[in-house]
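Everything on this sheet refers to the single structure shown next.
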Amino acid sequence: MTSVCALLVLAACERSSGAYDHLDQPAPPFVALGPATPVDKLPKITDQPAVEDAKKKQQPAKEECGRGRGRDPQGQCVVLALRELPTVQQVQIPGGEFVMGALPGDYGGVAPRETPVVRWSGQPPRHVKLASFWIDLHEVTRKAYAGCVATGACTPAVCPAGQVDPGAEVAADIAEQLPQGCVTQAQAASYCAQAGGRLPSEAEWEYAARGVDARMYPWGNAIEDQIPNAIYPAGHVREDSSYFGILGLGSNVTEWVADLYDADAGLRPFLSGEFRDPEGPLQVARREFERKAACGEQSDCPAPVELPPRHVLKHFSAGERAAARDLLPPHFPGAELEGWVIAGVSPKLGFRCVADLGPGDVPLTVPSPAATVPLYRVQGDLQIFGGVAEAVTQAEARRFCAALQVPDGANPPLTGWRLPLRAELGELAPSFRGPGPFWGEDGAVAQVPADGQAGPVPQDAPWQADAASVDSPLLARCVRTSG
């Protein structure tokens, strides 16, 4: 089993106890929900040293300290540490800086105008620094969780009525290696605590998934059809291996992390204060959704005094984020206001644990620099901030811009941001991105296609005034004069 180390750190480590030899066994036949590579075609852990050696011979010489390695406090390049716990192996993630978040999938404002929601809460991409930490190689398994329940430290996982148990029709020895689903966020946190760790923060999960090269998915930047959309034994989908060799971050189950969901979390690092009105469209829409989810059609039923907490979910596209809750209200419509189907306890919702370094652990730093990420773009005499405020009134949009403090290298943060003027859209058009509608300082603007044109709005479509009231929930981007 020493070869497991080779997969993760591309180098040798001390002899293993053999407790995880099941990871070297071929995965059992399973019903996939999408195309999957036959298990006997997947590279085995024991094949990895030869595979890596062959790749190195075919590639030009590179600096030897890269993936699978870190630098110790003396600056020496060393392999990433691997340790065995009673139920899982953990990999030491080196401390470093990485690109967190993602660009919006589009800049269309029609959807939030009709239903005020934040669709792209992971944006904008930004640099985040983290210290070294340990993370589970794969998700917590049913066998591991059952052991915790047997000791009385964990409560049983219970799947909602009507949901199919993915382990119901497989042998018991296979089922026990499946990721543990059907747990609340609180149950997951309790399990990690009794195991001597905690749930990962969103930043830790995302760093472990994408490393320093800003990859979109844990395995790279392209969707891989051979990675199945199904639940497999933990650790067996070897193609789903992240920058640091962590398994299952993009396939198998969606995972709980520790963070409470905040729709504007990606924008917070750049803001000096709050910009949303407590009675703004986003808050009003959320309260009405929660009232109906709790009360159904009872018109005299009050909304919950406090909005129920939701915790962040991570899976697949590393920079994006969703949220779920431990307990669904009695009249929950089946999906969140934002459209997320996984909204609570489910066989498809699992977790893994992390741990801080202990007194005897040597902290490591990642040897490769993080990919560059611009926080603003320059267009003519103006700078455009990369983040977008969604579902905001004109007053909220103005507060958003006024509160911006954007880092600018060693220089003082950039302030003095504002909404653009309609007359400036011609100059801004190549970088501003549409179609909107967006708030401008002198009213709303949107790109409008030629008469009778169907389909997506072309990027060169003209910008025109939009007949929006000042309380309409639109998008907002901020500009400032260069220099």
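The values are calculated or read from the model by the stated rules, or taken from the named source; none is laboratory data. Bear in mind the structure is a predicted one, so any value in this text is a computation, not a measurement. A quick note on method: Cβ atoms are made from the backbone with ideal geometry, for glycine too, and the neighbour counts reach across all protein chains shown.
On the stretch given as the stretch 214-242, residues that are in contact (Cβ under 8 Å) with a residue 60 or more places away in the chain and closer than 12 Å to Ala318 by Cα total 5.
For the stretch 152-162, state whether one or more residues are surrounded by 18 or more Cβ atoms within 10 Å (Cβ to Cβ) and farther than 30 Å from Gly280 by Cβ.
Within the stretch 152-162, one or more residues are surrounded by 18 or more Cβ atoms within 10 Å (Cβ to Cβ) and farther than 30 Å from Gly280 by Cβ.
Considering only the stretch 156-174, state which residues are in contact with a helix residue (DSSP H, G or I) (Cβ under 6 Å, 6 or more places away or on another chain) and at pLDDT 95 or above. It would help to see each step written out before you state the result.
Pass one, the stretch 156-174, residues in contact with a helix residue (DSSP H, G or I) (Cβ under 6 Å, 6 or more places away or on another chain): 156, 167.
Within the stretch 156-174, just Pro156 meets the criteria.
This table checks each residue for (1) part of a strand (DSSP E or B); (2) within 29 Å of the chain's Cα centre (by Cα); (3) under 16 Å from Val388 (Cβ atoms).
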residue: Cys401; (1), (2), (3): no, yes, yes
residue: Pro407; (1), (2), (3): yes, yes, no
residue: Gly416; (1), (2), (3): no, no, no
residue: Glu424; (1), (2), (3): no, no, no
residue: Glu427; (1), (2), (3): no, no, no
residue: Ala444; (1), (2), (3): yes, no, yes
residue: Ala450; (1), (2), (3): no, no, no
residue: Gly455; (1), (2), (3): no, no, no
residue: Asp460; (1), (2), (3): no, no, no
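Please specify each residue of the stretch 464-483 satisfying the condition of being in contact with a strand residue (DSSP E or B) (Cβ under 7 Å, 6 or more places away or on another chain) and modelled with pLDDT under 90. Residue satisfying the conditions is Ser482 alone.
If you take the residues of the stretch 109-131 that are of a type in the set (Gly, Ala, Ser) and buried (at least 17 other Cβ atoms within 10 Å of the Cβ), which of them is modelled with the lowest pLDDT?
Step one: filter the stretch 109-131 for residues of a type in the set (Gly, Ala, Ser), giving 109, 111, 121-122, 131.
If we keep only those that are buried (at least 17 other Cβ atoms within 10 Å of the Cβ) as well, we get 109, 121-122.
Values: Gly109: 89, Ser121: 95, Gly122: 93.
If we take residues in the stretch 109-131 being of a type in the set (Gly, Ala, Ser) and buried (at least 17 other Cβ atoms within 10 Å of the Cβ), then Gly109 is modelled with the lowest pLDDT.
In the stretch 329-376, how many are at positive phi and touching a Cys at 6+ places or on another chain (Cβ under 6 Å)? Residues meeting the conditions: 0.
With respect to (1) surrounded by 14 or more Cβ atoms within 10 Å (Cβ to Cβ); (2) at pLDDT 95 or above, the lone exception for Gly416 is condition (1).
Taking the criterion of being β-branched (Val, Ile, Thr) and in contact with a strand residue (DSSP E or B) (Cβ under 7 Å, 6 or more places away or on another chain), no residue of the stretch 262-307 qualifies.
Residues of the stretch 374-388 include at least one that is in contact with a Leu (Cβ under 7 Å, 6 or more places away or on another chain), in a loop (DSSP other than H, G, I, E, B), crowded, with 22+ Cβ neighbours inside 10 Å and among the aliphatic types (A, V, I, L, M). The criterion of at least 1 residues that are closer than 23 Å to Ser251 by Cα and more than 22 Å from the chain's Cα centre (by Cα) is met by the following strands (runs of 3 or more DSSP E) wholly inside the stretch 72-167: 82-84, 89-93. How many residues are closer than 25 Å to Ala193 by Cβ and without any contact (Cβ under 8 Å) to a residue 24 or more places away in the chain when one looks only at the stretch 155-178? Looking only at that region, the number is 1.
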